[in-house]
Amino acid sequence: MKEIMEASKINDKMTELFGEKMNYEQENKNNMAYWFPLLKQIKMRVPKTILVHTGDCELIGLLDGEMPEKADIFFARLKSAILEIGFPCFLRSGMTSNKHSWKDSCFIESLKNLHGHIGSILEYSVLANIAGLPLDYSIWAVREIIPTKALFYDFHDMPITKERRVFIKDGKLICNHPYWPSNCFKREHSENEIRELQYISDDSYKELQLMAEYIGRWFTGYWSIDFLLDTKDNWWVTDMAVGERSYHYPGCDKAIN
């Protein structure tokens, strides 16, 4: 009962700060623990992924330089998953990767400074929580890195590749956008690089529509689906989120508020 009362107080505080009731059921759907198992079940093309739960370990102590109780159990499971996936691999929590810090967060080349990578993702999750998004960090995912063609590099040497964000509602395509807006990068890149990054063929557009609407048979409501193109021109599903909580290109007349 005490925990429920505390949660109610937090929700009321969020309402005071942000003017709307937090929909925790909606937020929980953003977690990989919700959507990833179903994607695997319906045989979508997804990166090999191992989910690891923190168990009884409260990781937040890492941000204070403390080693939480039972952290050794969690780290042992996480290291085992990393070794099974192989290097390099991609690390994220169930809800975020802090990928804009690439080499210090989600990109894992060895077990060296694994605590630092987790701390970077954890800190980002806490800061996002302050901004009103309750990012859960009890679930972690170790993922294979799909071979891609890097068109250029940005955000701590992150390879920027061809990706798309597709919105669906009740199983039907709403819109299909380049994942990377042209004005989001920290470095300057040529018009040709940006044009190539954002271009897809008509065939790719149709393929993404078919994949997205197939996914929509099992995910009712409003969703965004992120796709990544590999070196063999195959599209992979890398992320999903409820549409109301997903970045949408400003000015898109098909956006649903």
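The values are calculated or read from the model by the stated rules, or taken from the named source; none is laboratory data. Because the structure is predicted, anything quoted here is derived from the model rather than measured. Counting neighbours? That spans all protein chains shown, and the Cβs are built from the backbone with ideal geometry, glycine included.
Some observations on this one:
- Of all residues in the stretch 205-225, those satisfying the criterion of being closer than 15 Å to R165 by Cα, part of a helix (DSSP H, G or I) and in contact (Cβ under 8 Å) with a residue 40 or more places away in the chain are L208, Q209, M211, A212, E213, I215.
- Residue match in the stretch 9-30 (condition: surrounded by 13 or more Cβ atoms within 10 Å (Cβ to Cβ), outside any helix (DSSP H, G or I) and at pLDDT 85 or above): yes
- Unique residue being surrounded by 14 or more Cβ atoms within 10 Å (Cβ to Cβ) and closer than 18 Å to S138 by Cα when the list is M44, M95, M67: M95
- Residue check, S110 farther than 17 Å from I200 by Cα and outside any loop (DSSP other than H, G, I, E, B): no
- Within the stretch 134-153, tally of residues that are modelled with pLDDT of 95 or more, in contact with a Gly (Cβ under 8 Å, 6 or more places away or on another chain) and not in a strand (DSSP E or B): 0
- Some residue of the stretch 175-182 being among the hydrophobic types (A, V, I, L, M, F, W, C), outside the structural domain of A33 (by TED's automatic domain parsing), within 24 Å of M95 (Cβ to Cβ) and surrounded by fewer than 19 Cβ atoms within 10 Å (Cβ to Cβ): yes
- Filter result for the condition that a residue is buried (at least 19 other Cβ atoms within 10 Å of the Cβ) and either touching a residue at least 40 places away in the same chain (Cβ under 8 Å) or within 27 Å of I82 (Cα to Cα) (or both), over S138, S125: S125
- Taking the stretch 153-167 as the range and being within 22 Å of D230 (Cβ to Cβ), hydrophobic (A, V, I, L, M, F, W, C) and either in contact (Cβ under 8 Å) with a residue 40 or more places away in the chain or in contact with a Lys or Arg (Cβ under 7 Å, 6 or more places away or on another chain) (or both) as the test, the residues that pass are F155, M158, V166.
- Test: residue in the stretch 202-215 that is at pLDDT 95 or above and of a type in the set (V, I, T): yes
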